[in-house]
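The structure under discussion appears below in the form of structure tokens.
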Amino acid sequence: MKRFYNHRDTLVTEGLDGLLRSSVGHHLCRLEGHENIHVVLRRGWDKSKVAIISGGGSGHEPAHAGFVGKGMLTAAVCGALFASPNVDAILAAILEVTGEAGCLLIVKNYTGDRLNFGLAAEQARTLGKNVELVIVADDIALGRGPHARGIAGTVLVQKIAGHLAETGSSLEEVKQAATDAIQSTASIGLALSDVNVYDVEHKTRLNDSEAELGLGIHGEPGAERISVDKLDALVNKAVDTLEKNLTDDKQIIMVNMLGAVPVLEAQAIVDALSRTAFADRIEFIIGPAPMMTSLDMYGFSLSAIPVREDLVEALKSAVEAWAWPGLAPFKGIQTRQTPALPETFSYEPSSDTYVESLITHGAKVLIDNEKDLNALDALIGDGDAGSTFAEASRVILKEIKRLPLASPQHLCETIGRLLARNAGGSSGVLLSIMFATAGQQQDWRTGLEAGLDRMHRYGGASQGDRTMLDALFPAITALQTGNLQQAAKAAREGADATRKMPARAGRAAYVPKEQLKNIPDPGAEAIARLLEGLSNFT
């Protein structure tokens, strides 16, 4: 797997320094002076308030340093990748931020974290610091109990404790609120992949048809290996498992991304959540956002905490930490009625046998050339030029009985609107502009010429720039005084000429010149083949 890093041993240091240099880390600083101590702190911390410290192994970003800031964490102690920070680092953080009000350590339920944070707390107490510790064990994958893992629900506990500390509560009150939150929080994860911790020999335990329910944030095996399914089915599986561990009726749900899920899919997960039977119990939502990740694990987790006035107040309060996504009501989406748009078919259908046959034959030419044009486009672009022209042809064929075939002016205008609403790609839009403009003219020949000029103005390409205009310009010029055969000949010459043209517009402009050599522009080639087909038909 390819990744951006210099060396695994320097990645944590470089990542944290990058955070401090970034636009979201302006309010942070770090301890220095020891190579193995990575502590991120709030600048200008007021020691009169209870300090909140959390941390753990790196690789879970933005946790924990991304949650340092007013209203949340005072400091985050970062270990090596998936490894607990050492005792000295934790103790240094405690000593740096703890005043008379004391300090609360929020620790995930992993052996290394419990031991190191626990020992650091004991040492701090011998130095006169008032330190308390809570352990988060929110993962319900393997059942509640002493061995339940601490996963994304940790962030909820940090937010609740941070709010209480910021508002001036005592250490005893902050610890009690954190303890109540821990007991009330349940989380479950689901992923399509496990995690690779910068191991070039890593072999995933999941094949392409498998997903895993309840795996840990370090890639630990989950409760159940399941089949990959559609999104709704997977979300339902996670929700059903989570719901069995909830008692309160109304819930706050946090949707956490585990590192590799694109934003579009993350949003779709939330929409899928709205289609579950559990949706009626969800009153508030947090996310979707990456909060407690697992490097680039392709998955998500759901964390639930009951709707209580004190919890809602704590979770909705503003924070300085950039990674907290906020809390919002979970309800039906708001919509507005789409404004009335011009009718696609604003003219009565009319018949013209010749025009109908011509359109049908031209559409068939483009559909028959779909694969060839896609293959040609794949050499220099994204390989969909043929599909764009073919899909536009299918749309026109589907609606051909609704077209005003007897009126060239009305026909051009209608085809322009039809393409605008149904054709994909820039070529579909440009052809829509050409036909729509042509429909504004009395004579279809001058109309096409005017449409071509409009295409040039909106699209920015000119003749000689290696686009479909290199076939359209000579073809439409030939039509002004000639016939389809002459137009087809002119289009072919124009398309062939693109083989030697430099690309100054369109997607080909981003392709090295050497890769364009002797390859015609796919759009120009499509126009040439269309007109050649029409000329043979007539």
Next item on the list: Pick out the one residue from I396, I400, I433 that is surrounded by 17 or more Cβ atoms within 10 Å (Cβ to Cβ), at pLDDT 90 or above and either β-branched (V, I, T) or not assigned by TED's automatic domain parsing to the domain that holds P520 (or both).
Entry: I396
Next item on the list: Sort through G99, G44, G57 and tell me the only one that's within 22 Å of W324 (Cβ to Cβ) and outside any strand (DSSP E or B).
Entry: G44
Check: Failed condition for I151, given (1) modelled with pLDDT of 95 or more; (2) touching a Gly at 6+ places or on another chain (Cβ under 9 Å); (3) surrounded by fewer than 22 Cβ atoms within 10 Å (Cβ to Cβ); (4) part of a loop (DSSP other than H, G, I, E, B), with all others met?
Finding: (3)
Check: How about the stretch 270-283: which of its residues are under 22 Å from the mean Cα position of the chain (by Cα) and either at pLDDT below 95 or of a type outside the set (V, I, T) (or both)?
Finding: D271, A272, L273, S274, R275
Note to self: Can you say whether L246 is touching a strand residue (DSSP E or B) at 6+ places or on another chain (Cβ under 7 Å), among the aliphatic types (A, V, I, L, M), in the same structural domain as A277 (by TED's automatic domain parsing) and crowded, with 19+ Cβ neighbours inside 10 Å, as far as the supplied structure shows?
What the structure shows: no
Notebook entry, point to check: When T446 is evaluated against the numbered criteria (1) within 21 Å of F473 (Cβ to Cβ); (2) buried (at least 20 other Cβ atoms within 10 Å of the Cβ); (3) of a type outside the set (D, E), which criterion, by number, is the only one it fails?
Noted result: (2)
Margin query: If I filter the stretch 65-86 for residues that are at positive phi and either outside the structural domain of L164 (by TED's automatic domain parsing) or at pLDDT 95 or above (or both), do I get at least one hit?
Written below: yes
Next item on the list: Give the residues of the stretch 167-184 that are hydrophobic (A, V, I, L, M, F, W, C) and surrounded by fewer than 22 Cβ atoms within 10 Å (Cβ to Cβ), sorted by residue number.
Entry: L171
Next item on the list: Taking L104 as meeting all but one of (1) farther than 11 Å from G55 by Cβ; (2) touching a Gly at 6+ places or on another chain (Cβ under 8 Å); (3) part of a strand (DSSP E or B), write down the number of the exception.
Entry: (2)
Item checked: Residue in the stretch 185-195 that is in the same structural domain as V134 (by TED's automatic domain parsing), surrounded by fewer than 17 Cβ atoms within 10 Å (Cβ to Cβ) and not small (G, A, S) present -> no
Margin query: Out of A385, A340, I need the residue that is out of contact with any Leu (no Cβ under 9 Å at 6 or more places or on another chain) and either outside the structural domain of G69 (by TED's automatic domain parsing) or aliphatic (A, V, I, L, M) (or both). Which one?
Written below: A340
Next item on the list: Would you tally the residues in the stretch 114-123 being in contact with a Leu (Cβ under 6 Å, 6 or more places away or on another chain) and crowded, with 19+ Cβ neighbours inside 10 Å?
Entry: 3
Next item on the list: Give the number of residues within the stretch 203-228 that are acidic (D, E) and in a strand (DSSP E or B).
Entry: 3
Notebook entry, point to check: Quick one: would you say G494 is under 19 Å from A461 (Cα atoms), under 36 Å from the mean Cα position of the chain (by Cα), at pLDDT 85 or above and assigned to a helix (DSSP H, G or I)?
Noted result: no
Next item on the list: Exactly one condition in (1) at pLDDT 80 or above; (2) β-branched (V, I, T); (3) over 42 Å from the mean Cα position of the chain (by Cα) is not met by T538; state its number.
Entry: (1)
Check: Which is modelled with pLDDT of 95 or more and not small (G, A, S), of L366, L315?
Finding: L315
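The values are calculated or read from the model by the stated rules, or taken from the named source; none is laboratory data. These numbers come from a predicted model, not from an experiment. Every residue, glycine as well, gets a Cβ built from its backbone with ideal geometry; the counts of neighbours run over all protein chains shown.
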